[in-house]
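The values are calculated or read from the model by the stated rules, or taken from the named source; none is laboratory data. Just so it is clear, the model here is predicted, and its values are computed rather than measured. Glycine gets a Cβ as well: all are built from the backbone with ideal geometry, and neighbour counts include every protein chain shown.
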Amino acid sequence: MDYDAIIVGGGLSGLTAASLLAKRHLKVAVIDKSYQPGGSCGVFKRKHVTFDQGSAMLYGFGENGFNAHRFVFNCLEEPIDMIQHNLLYCVNFKGKKIHFWADIEQFSEELADIFSSEKKNIKRFYHDMLEMYQHVMVENPTYTTADETDRNAALKSMLKHPISYIRFLSYLNKSAKSLLEKYFTDPEIFKFFDKLTSTYCYATVEEAPAVLAAVMFVDNHVGGSYYPAGSTLFLPGKLEKVIEENSGDMILEKEVLSFIFKDGKPAGVKLDDGRELYAPDIIYSGTVWNLYGKLIDPEYTTKQKIEWALNQVPTYPSVVLYTVVDRNSIPDGTAPIEMLVGNPDELDESEVTAYILSIDDRTLCAADEHTVIAIGPTFENWEGLDRKSYLLKKKLEQDRLIAVLERRFPNIRQAVRYAEVATPKTIERYNMKNGGAVAGPKQMLGQHMFKRLKTRTEWDNIFCCGESTVMGTGTPTVTTSGLTAANVLLKKLGKEPFVYQSGMKNFVRMVEKPFTAEMLYENYDENEKNVMREAMRCRLCEHPSCTNGNNTDIRGIMRRIAVGNFAGAQKRWSESSSEALMLEQFEARCICSVENGQAVKIREAIAFIEGVTS
C-alpha cells in the first residue's frame, strides 16, 4: 500500500482528519484539486491586498462553548494566533442595529428594546436556551458528531441533567419555528430569527431543525467570533504544517476521478494525471453529490443510494464581492462582520453579509484602505452563458452588490479602488461546491442530522467528513466531523483516539487588536521573522510568472514558509528539478519585480530552508 490512509479533499474537515492521523504516526496523503489547501477557507491576493476567499466568520477558538478548533490545535500541539472580535456580528434590521454581544444578557436587553412587546419572552427564551446549552454542550465537552456519540458517556450526562437532555432531544425532528412559537407571538420577531437561521445554517425557521437552532442561538455568543492573525492563510496552513512535519504528503492540483475497487471493496483512488494511489482506508471530505454521482461507480452501490444522494436539496448558490475601498468610507464603530437585511419579509438578493476584517487585522491592506467582502444569495441563472454574456453578467452583479453595500455605507461606490466578483461558477470551479452552493446540502427537516451522510458508510474503510455530513455547515462543525472521522479510523486500528482531557495545554494565543504587520511573527527569531515576512509578500499567483511553466513550486514553498511550515517548504524544494542558478531568473520574473522593482527574495528563502533542514 502507498499510504495508511488517503484523504480526498483538502478543506478544513479533510485537513483536520489528516493532521490528527499524522500526529498518531499514520502515513497519510491529502489530495485536492486546488493549488492550496483549505477549501473555502483561505486567501488570494491582488497586489498588496489579501482577500479571504470564503470562510472568515470563525467560531470555536474560545475557552468556552463549542470550541472544536481550540481542541484540535491543542491535540496537535500546534500554536496559532487568533484575534477575537468584540462582537459576533452586527445585524442591520429594519433600520436598527442589533449588536451580538458575547454577554447574552446584554444582547437580550438590546433585542428587547427593539421588540418591546416580547421583552419578557426574549429573556425567558435566552435563559432557557443558555441553561440547556450549558448542561448539554459545555459541562461535559465531547468533540464528536451525533452519529458517533459514545452512548455510555451520553447516558452519564443525561442522568446529570435529565430535563435539559429530554428537552434537547425533543427538538430533533421539530422546526425552529415550532420552538420559537412556544415563546413568541409577534410576527416581526419571527422574521428576525429567520435571518439568523438563514445565516447560521442557510435555512429558514420553518426549515431548520430546532435542535440545531437552539444551539446556534446561544453558542456563537458564548464561544465568540475569531479571525486568524495575519489572515485565514494560517488556519489551513497550520494543519498542513502538522501533516508534512509528520511525513504526510500534500498532493495538490490533482483531482480524484474515481475510487478504485478490488474484490468489491474500495482500495484506492485514480487521479486525473493517470496515477493510482492505494490505502487500506479512505476519508472523503467532499460533497455527497460528487461521492455518489461521480467517484463511486454505480456498480458498487445501489440505485436507491444514488437517488438519495442526488436528491439532497442544496443551499442557495452564492455570489461574493471582493473590494478594496478608501478607509474613510467605513465609519468608526462598524463591526468587522455585519449582516445587511434588505427585505425583512423574505430571503432575496438584497441580503448580504459584509466582512470588513481589516478593522481588526491591519495586515490585510494599506493603512488608508479597508477590504470589504460581501457574500449573499443569487437566484440568477449562470449556466450556458458565452464568455461575453458571462462577463457582462458579472459586471452587473458587481454593480448590484455595491448598491446593496451603499445602503449601509453611502460613500462606498466612489471609494472603491478595486473590485471583482465570484459567481456560483467561480465557487464550483475553485472549491468543487456543486452549483456554487457554499454550504452543501441544506440543513433542513427531512435531510437533517441523521438523515445526512454519516461518518461511516456502507463500506468499512470509507469514512466521511465535511458539510454534507451530520453536523452540516460551519467551520467548528466541519472540524468536528474531521476529528470524528479520524477518531473512528484510529479506534478501528486500535490506536488512541483524541478525547478531551481536563487541563490540556493551550496552544491558541489571543492577540491584541488591531493586529499589525509589526506584530506578525513576533514570537519567531530574527532570521525566521525576516524570511517569513518576505515569503508573505508572495502573491500566491494562480499562474505564477516567476516559474513560467517550470515545475518548481515557488508559490507553494512561499506559502508554507509564511506560516512557519519550513519542513514542508524544504520538501517541495527537494522535489523540484531546478538548479539554484535558476532562482535568479525566477526573481527577475516575479510579479512584484515587474510591478514595483522589488521581487520577493526567492534565493534568500531557499537558502534559509536549506539551512534550517540541513
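A few remarks follow.
- When segment 520-557 is filtered for residues that are part of a loop (DSSP other than H, G, I, E, B) and either crowded, with 18+ Cβ neighbours inside 10 Å or basic (Lys, Arg) (or both), the ones remaining, listed by number, are 520, 521, 537, 538, 539, 540, 544, 546, 547, 552, 553.
- Every residue from segment 195-212 that is assigned to a loop (DSSP other than H, G, I, E, B), of a type in the set (Val, Ile, Thr) and over 20 Å from residue 167 (Cβ atoms): 204
- Of the residues examined, residue 139 is not one that is touching a strand residue (DSSP E or B) at 6+ places or on another chain (Cβ under 7 Å) and outside the structural domain of residue 408 (by TED's automatic domain parsing).
- Scanning segment 124-153 for residues that are surrounded by fewer than 19 Cβ atoms within 10 Å (Cβ to Cβ) and more than 28 Å from the chain's Cα centre (by Cα) yields a total of 7.
- Selection within segment 486-505 - in contact with a helix residue (DSSP H, G or I) (Cβ under 6 Å, 6 or more places away or on another chain) and outside the structural domain of residue 22 (by TED's automatic domain parsing): 497, 498, 504
- Residue within segment 93-103 that is farther than 26 Å from residue 318 by Cα, modelled with pLDDT of 95 or more and aromatic (Phe, Trp, Tyr) present: no
- Within segment 340-363, the residues that satisfy the criterion of being under 24 Å from residue 431 (Cα atoms), within 19 Å of the chain's Cα centre (by Cα) and touching a residue at least 60 places away in the same chain (Cβ under 8 Å) are 353, 355, 357.
- Segment 129-157 residues that are over 16 Å from residue 68 (Cα atoms), paired with ones that are surrounded by fewer than 16 Cβ atoms within 10 Å (Cβ to Cβ) and at pLDDT below 90 (beta carbon under 7 Å, 6 or more apart): 147/450; 157/140
- Which listed residue, of 166, 189, is modelled with pLDDT of 95 or more and of a type in the set (A, V, I, L, M): 189
- Look at segment 483-500: where a residue is closer than 17 Å to residue 147 by Cα and a partner is assigned to a loop (DSSP other than H, G, I, E, B) and of a type in the set (Asp, Glu), sitting 6+ places away or on another chain with Cβ atoms under 8 Å, you get 490/496; 492/460.
- Search result, residues across segment 27-61 that are among the small types (Gly, Ala, Ser), in a loop (DSSP other than H, G, I, E, B) and in contact with a Ser or Thr (Cβ under 9 Å, 6 or more places away or on another chain): 39, 40, 42, 54, 55, 56, 60
- For residue 206, the stated conditions do not hold, so it cannot be described as charged (D, E, K, R), in contact with a helix residue (DSSP H, G or I) (Cβ under 6 Å, 6 or more places away or on another chain), farther than 20 Å from residue 315 by Cα and modelled with pLDDT of 90 or more.
- Look at (1) more than 30 Å from residue 516 (Cα to Cα); (2) crowded, with 18+ Cβ neighbours inside 10 Å; (3) not aromatic (Phe, Trp, Tyr) and you find that residue 374 fails only one, number (1).
- Matching residues in segment 213-237 - criterion: being at pLDDT 90 or above, within 17 Å of the chain's Cα centre (by Cα) and either in a helix (DSSP H, G or I) or not polar (S, T, N, Q) (or both): 226, 227, 228, 229, 230, 233, 234, 235, 236, 237
- Within segment 550-569, residues that are free of Cβ contacts under 8 Å to residues at least 24 places away in the same chain have Cβ atoms under 7 Å from residues that are assigned to a helix (DSSP H, G or I) in these pairs: 553/572, counting only partners at least 6 apart in sequence or on another chain.
- Residue check: residue 311 meets all listed conditions (1) over 29 Å from residue 489 (Cα atoms); (2) surrounded by fewer than 13 Cβ atoms within 10 Å (Cβ to Cβ) but one, namely (1).
- When every residue of segment 65-73 is checked against the conditions, at least one turns out to be assigned by TED's automatic domain parsing to the domain that holds residue 9, part of a loop (DSSP other than H, G, I, E, B) and on the phi < 0 side of the Ramachandran plot.
- Segment 292-308, residues that are surrounded by 16 or more Cβ atoms within 10 Å (Cβ to Cβ) and touching a strand residue (DSSP E or B) at 6+ places or on another chain (Cβ under 6 Å): 295, 296
- Taking first residues from segment 581-607 that are assigned by TED's automatic domain parsing to the domain that holds residue 537 and among the basic types (Lys, Arg) and partners that are in a loop (DSSP other than H, G, I, E, B) and surrounded by 14 or more Cβ atoms within 10 Å (Cβ to Cβ), the Cβ contacts under 6 Å between residues at least 6 apart in sequence or on separate chains come to 589/545; 589/546.
- Entry remark, segment 439-467: residues being within 16 Å of residue 9 (Cβ to Cβ), touching a Lys or Arg at 6+ places or on another chain (Cβ under 9 Å), modelled with pLDDT of 95 or more and part of a loop (DSSP other than H, G, I, E, B) number 0 in total.
- One residue stands out in segment 482-521 among those that are among the polar types (S, T, N, Q) and farther than 21 Å from residue 228 by Cα: the one that is nearest to the chain's Cα centre (by Cα), namely 484.
- Which listed residue, of 556, 611, 597, is under 22 Å from residue 239 (Cβ atoms) and not charged (D, E, K, R): 556
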